[in-house]
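Below: one structure, written as structure tokens.
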Amino acid sequence: MNSQNTPVHIRLWHRDFWMMSTALFLLSASVYMLIPVMPVWLLETEHFNTLQTGVAMAIFAVGLFLPGCFCNYLVQRFRRNKVCVISIFLMTLCLSALYYLHGLSSQYVEVRVILLQRLLLGATFGLAQMVLSSTLIIDASESFRRTEANHSSAWFARMALSLGPMTGIVLFNYMGFDAVLLASMISALASAALIMTVVIPFRTPDENLRVFSCDRFLLKPGMVLFANLLLISLSVGLLLSLGLSERFYAMMMAGFLLALLAQRFVFRDAELKSEVVSGLILLLAAQLMIYSRPLPVVWYISPVLMGLAVGICCSRFLLFFVKLSRHCQRGTSQSTYMLGWESGLALGIGLGYACFEDANVTIIVSLVLAATALLMYHLYTHNWFVKHKNR
């Protein structure tokens, strides 16, 4: 099928699906709240230099990959919903540790302590995201609606990229960093509470279950898609390191809503290649507008274009991963997509703080990455996907 049409039926939106999708939004928002404010806290309060701050933000990406090879063993050996809930509780402990460290106003926090906290936060968040998106949401949906479920639930996490940082900035400006941390912990715990309301039956583990496995972790045949998605998320992450305002993130939400409409009406029966190409062109346009910055209106239009670009590009890449996977690899495709997107964001934010003190240089590098992603997709990735897809 070479069209963009991904129908969504009302029967998909039952109670359990709503609970899981909302939990995914709250879980993502709890981490995204820290994106715009934690670097400010590290630089201004803890007096980290830009390199230390960048490494602290980027090491989160390393943590995302640490529990991956254990994911399949854990969800088959134990009740999968409990694995997710325990992961979220551990993630909340990591956030509470940061809250405690922030309370030590009489002394500065050591760099290695922050690095360990960020590493563990990434690991616990990564495991919770893998189990929730690659297993629980799939289990809560009927087999013939699982592609719709993957596509729709991913939008909840995508919306959190706008609402999470916006909430973090507002709380930080009016109530301080401790309020941001409290809101982040409450959001994570609310996510766990929603998951506990859904009954997920225990399934007998497969025979010859291995402790280490790429199942529900990395889709090996999808590394070309992974690399292309990583370039896009790196480009977006660099932009997020610019210290954007809450207005910027609010306008990004408008872009996300436009992306939903565009998928429904503009790209519904369009040629398969058009969505990613259009999205990357829009991202390049947003970057060029931010680079020029001649008029205040730029800060209203560019985030809308950026949200529109991210929305349509990421939705299509998610479906590409699903269509590339074989039978019983749907969960693995979801985890691979999540790792490509989340790690790229974290690495991009870290590189922005660690390597580029000039905002113009950051924007230029971001633009080059987006252009490279466009060329890679147009010249190689799309044809490679059409040749290798399984659905």
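Side notes on the structure shown:
- Restricting attention to region 61-91, the residues that are under 14 Å from LEU116 (Cα atoms) and open to solvent by less than 10 Å² (accessible area, probe 1.4 Å) add up to 4.
- Taken over region 262-289, the criterion of being among the hydrophobic types (A, V, I, L, M, F, W, C), more than 14 Å from VAL310 (Cβ to Cβ) and in contact (Cβ under 8 Å) with a residue 24 or more places away in the chain is satisfied by PHE267, ALA270, LEU272, VAL277, LEU288.
- Reported count of residues in region 328-343, each being in contact with a Lys or Arg (Cβ under 6 Å, 6 or more places away or on another chain) and at pLDDT below 90, is 1.
- Taken together, the criteria exclude SER233 from residues that are closer than 18 Å to TYR291 by Cβ and modelled with pLDDT of 90 or more.
- Count of region 210-248 residues which are hydroxyl-bearing (Ser, Thr, Tyr) and over 15 Å from the mean Cα position of the chain (by Cα): 3
- In summary, MET130 fulfils each of the numbered conditions (1) of a type outside the set (Ser, Thr, Tyr); (2) more than 30 Å from ARG316 (Cβ to Cβ); (3) touching a Pro at 6+ places or on another chain (Cβ under 9 Å) with the single exception of condition (2).
- Checking MET185, MET252 one by one, the residue that is closer than 30 Å to THR50 by Cα and out of contact with any Leu (no Cβ under 6 Å at 6 or more places or on another chain) is MET252 and no other.
- Condition check for SER152: closer than 30 Å to ALA254 by Cβ, open to solvent by less than 60 Å² (accessible area, probe 1.4 Å), among the small types (Gly, Ala, Ser) and over 18 Å from the mean Cα position of the chain (by Cα): no
- Sole residue being of a type outside the set (Asp, Glu), part of a helix (DSSP H, G or I), modelled with pLDDT of 95 or more and open to solvent by 40 Å² or more (accessible area, probe 1.4 Å), chosen from LEU181, LEU163, LEU171: LEU163
- Just one of the listed residues (ARG146, ARG216, ARG158) is out of contact with any Pro (no Cβ under 6 Å at 6 or more places or on another chain), touching a residue at least 24 places away in the same chain (Cβ under 8 Å) and at positive phi, and it is ARG216.
- Test: ALA97 is open to solvent by less than 20 Å² (accessible area, probe 1.4 Å) and at pLDDT 90 or above: no
The values are calculated or read from the model by the stated rules, or taken from the named source; none is laboratory data. No experiment lies behind these values; they were computed from the predicted model shown. Neighbour counts are summed over all protein chains in view; Cβ atoms, including those assigned to glycine, are modelled from backbone coordinates with ideal geometry. Please note that ligands, DNA and RNA were not included when accessible areas were found on the heavy atoms of the full protein model with its side chains. Shrake-Rupley method; radii C 1.70, N 1.55, O 1.52, S 1.80 Å.
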